[in-house]
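Just below is one structure, and these are the notes that go with it.
The values are calculated or read from the model by the stated rules, or taken from the named source; none is laboratory data. Note that the coordinates shown come from a computational prediction; the quantities given were computed from them, not determined experimentally. Ideal geometry is used to build each Cβ from the backbone, glycine not excepted, and the neighbour counts take in all protein chains shown.
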Amino acid sequence: MQRLCVLVLALLALGVLALGLLACGGASDEQRIPAPGTFIYTAGVDLWLQNADGARLLIEAEQDQQLLQPAISPDGTRVAYVIFQLTQAEGTSVGTNLAVSSIDDPRQELLVQHQRQAEYVWNPRWTPDGESLIFTHEPGDGTIGVLELDLATRTVSRLRADARDAAISADGTMLAFVNAPLSGDPHLVVRHLDTGAERALDPDRAWQPRPYRLPRFTPDGEALIFAAGQYLPQVSASAMGTNGPEDIWRVDLASGELTQLAAIGEDQPDFVVSDDGQHIFILGAFGIYLVASTPGEPPYAIAPGEFHGSVDWHGRVTDAEWAAIREAVWQPSGSAE
């Protein structure tokens, strides 16, 4: 454990250096993330792309903006993301917009633009066919809901009122979301899209870790992975999802079995499930982690983190790559210095 702590501190120092280079306009084609596949992630206020060719700036934010929550399309050709307008000035207001861009030819196309102060869209997710995007919408009047945007017709429909952080299963049959009651103590809910039937996963509120954020289906649709708080009470609806350190959890949809996958204590971590469902990639403020999606192994800190960063990933980790990552990060007790 002492060796792991030393490694994490070293990674944090490297992270500060990397952010300093970015702030000074420096760029590197070296991979920031020692893992295979295609990554799109926030670095500072911009979006970066990493693949087998290295890492490069993908989309640069305009002044007083930050680009967040990238979502790679199912075919890997496009990225949807959130544009956060950080300041209010003449002709602008604080809020977020939804945009999409080709990855090979990154030209920003606005899909949903906020119309008033404090109107927000969050957490875009592609439907499995790549023809629509779902996202959380806060219109600025105290309500919240999950909307769907048809990319061909540009029509918007409401999937579920009083809900946030939605995701669709790979087969397109189920919607997972966090309901958003005024009590500020939400449920994780799964909705069957063909019938509209809903099931709260913790109806008796027996689970101690909450509030919940960002449920994602495993590729087989048999479980949900989500972030949840560390046994801290939530005092108001306005504090949803911002209530202190969080870990990563898994719940089996058939049995209801709840498992803690990563005890990381991060502030609003983002995470992605690998294409084969075998690993979870986690981006936190203090580190980037990989963890197996079945319990039994600790999370491995593999790179510096990003404060309130966002990430998406298309890829998987082979057994050999997983062994190499663990060996690089963890030296068994008694190993040579």
From the set of residues in region 74-99 that are surrounded by fewer than 20 Cβ atoms within 10 Å (Cβ to Cβ) and hydroxyl-bearing (Ser, Thr, Tyr), which is nearest to GLY309 (Cα to Cα)? THR87
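Within region 258-286, which residues are on the phi > 0 side of the Ramachandran plot and crowded, with 16+ Cβ neighbours inside 10 Å?
GLN268, GLY277
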Which residue is farthest from PRO215 (Cα to Cα), if the candidates are limited to region 129-170 and must be touching a residue at least 24 places away in the same chain (Cβ under 8 Å) and among the hydroxyl-bearing types (Ser, Thr, Tyr)? THR136
Give me the pairs, please: first residue somewhere in region 199-219 and of a type in the set (Val, Ile, Thr), second residue anywhere and surrounded by 17 or more Cβ atoms within 10 Å (Cβ to Cβ) and not in a loop (DSSP other than H, G, I, E, B), beta-carbon distance under 9 Å, and either six or more positions apart or on two chains. THR218/LEU224; THR218/ILE225; THR218/ARG250; THR218/VAL273
Please find, among ARG164, ARG210, the residue that is buried (at least 22 other Cβ atoms within 10 Å of the Cβ), under 20 Å from the mean Cα position of the chain (by Cα), part of a loop (DSSP other than H, G, I, E, B) and of a type outside the set (Phe, Trp, Tyr). ARG210
Find all pairs meeting these conditions: Cβ atoms under 6 angstrom apart; at least six residues apart or on different chains; first residue within region 266-282 and within 10 Å of LEU214 (Cβ to Cβ); second residue assigned to a loop (DSSP other than H, G, I, E, B) and not small (Gly, Ala, Ser). GLN268/HIS308
Hey, does region 179-187 have a residue that's of a type outside the set (Val, Ile, Thr), touching a Phe, Trp or Tyr at 6+ places or on another chain (Cβ under 7 Å), crowded, with 19+ Cβ neighbours inside 10 Å and at pLDDT below 95? yes
